[in-house]
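Visitor: This is the structure, below, for whatever I ask next.
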Amino acid sequence: MIQKLEDKSQTLVVLEANRWVSSVLVDALHQFNIAVAVVNPRRVRDFAKGIGRDAKTDPIDAMCIAYYGQVVQPPHVAKSENEKKLEALVT
């Protein structure tokens, strides 16, 4: 379901870090002043087990990631241009 964001200051997009998470997506969300947190999938998985949601389906995973974001409130710091350049040089 697509929903228009009325108050971006109260929005946090939480993504699990994996090979498909694109820095382009993160950068695009930051351009629109939407906070993004890229989190460790192991921590989300452990959190899901802790709340009794250890089934692996996309809807359950999405709910667990959203709930993890609400409970843990992971940091969401945008990288500066210099940090992005340094990261590109390292990789």
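The values are calculated or read from the model by the stated rules, or taken from the named source; none is laboratory data. The model shown is predicted, which means the values in this text are computed figures rather than measured ones. No Cβ is skipped: glycine too gets one built from the backbone with ideal geometry, and neighbour counts run over all protein chains shown. Accessible surface is based on the protein model in full, side chains and every heavy atom, while ligands, DNA and RNA are left aside. Shrake-Rupley method; radii C 1.70, N 1.55, O 1.52, S 1.80 Å.
Visitor: Report relative contact order for region 1-80 in percent, whole number only (criteria: Cα-Cα under 8 Å, sequence separation at least 6).
Guide: Working: 67 pairs, mean separation 26.3, N = 80.
With pairs under 8 Å counted, the relative contact order is 33 percent.
Visitor: Any chance you could run the full-extension gain for Phe32 through Asp7? It's 0.36 nm times the residue separation minus the Cα-Cα distance, nm to one decimal.
Guide: Numbers: separation 25, 0.36 × 25 = 9.00 nm, distance 1.17 nm.
Once the chain is fully extended between Phe32 and Asp7, it gains 7.8 nm.
Visitor: Round to the nearest 10 and report in Å² the accessible area of Lys84, as given by a 1.4 Å probe over the protein chains' heavy atoms.
Guide: Result for Lys84: roughly 60 Å² accessible.
Visitor: Here is a follow-up. Run down the lysines and flag those whose C-alpha is under 25 Å from the C-alpha of Lys56, throwing out any fewer than 8 positions away in its chain.
Guide: none
Visitor: Which lysines does Lys84 reach when only Cα atoms under 27 Å apart count, and residues fewer than 8 places away in its own chain are ignored?
Guide: Counting by Cα, and skipping residues close in sequence, Lys84 has these lysines nearby: Lys8.
Visitor: Shifting gears a bit: Please compute the length gained on full extension between Arg53 and Val72, using 0.36 nm multiplied by the number of residues separating them and subtracting their Cα-Cα distance.
Guide: Values: separation 19, 0.36 × 19 = 6.84 nm, distance 1.64 nm.
Here the segment from Arg53 to Val72 would lengthen by 5.2 nm.
Visitor: I would also like to ask the following. Residue by residue through region 6-12, which ³J(HN,Hα) values in whole Hz follow from phi under the Karplus form 6.51 cos²θ - 1.76 cosθ + 1.60 (θ = phi - 60°), with glycine and proline marked x?
Guide: In residue order, the calculated couplings are 7, 10, 5, 5, 9, 9, 9 Hz.
Visitor: While we're on this one: Between Glu81 and Val24, what FRET efficiency comes out of the Förster formula 1/(1 + (r/R0)^6) with R0 = 25 Å and r the beta carbon distance, rounded to 0.05? Provide the component values of the computation, followed by the final result.
Guide: Numbers: r = 15 Å, r/R0 = 0.59.
Given R0 = 25 Å and the Cβ-Cβ separation, E is 0.95.
Visitor: How big is the dipole moment of region 1-67 about its Cα centre under a simple scheme where the beta carbon of each Lys and Arg is +1, that of each Asp and Glu is -1, and everything else is neutral? Debye, nearest 20, please. Can you show the working numbers first?
Guide: On the way: 9 positive and 8 negative charges, 47 e Å.
Dipole magnitude for region 1-67 comes out near 220 debye.
Visitor: Round to a whole number: what % of the accessible area of region 15-54 belongs to carbon and sulfur, probe 1.4 Å? Don't jump to the answer; show the numbers that get you there.
Guide: Numbers: 1400 of 2780 Å².
Carbon-and-sulfur percentage of accessible area, whole number: 50.
Visitor: Return the Cα extents of the chain along principal axes one, two and three, sorted largest first, each rounded to a whole Å.
Guide: Taking max minus min along each principal axis of the Cα atoms, the chain gives 42, 35, 21 Å.
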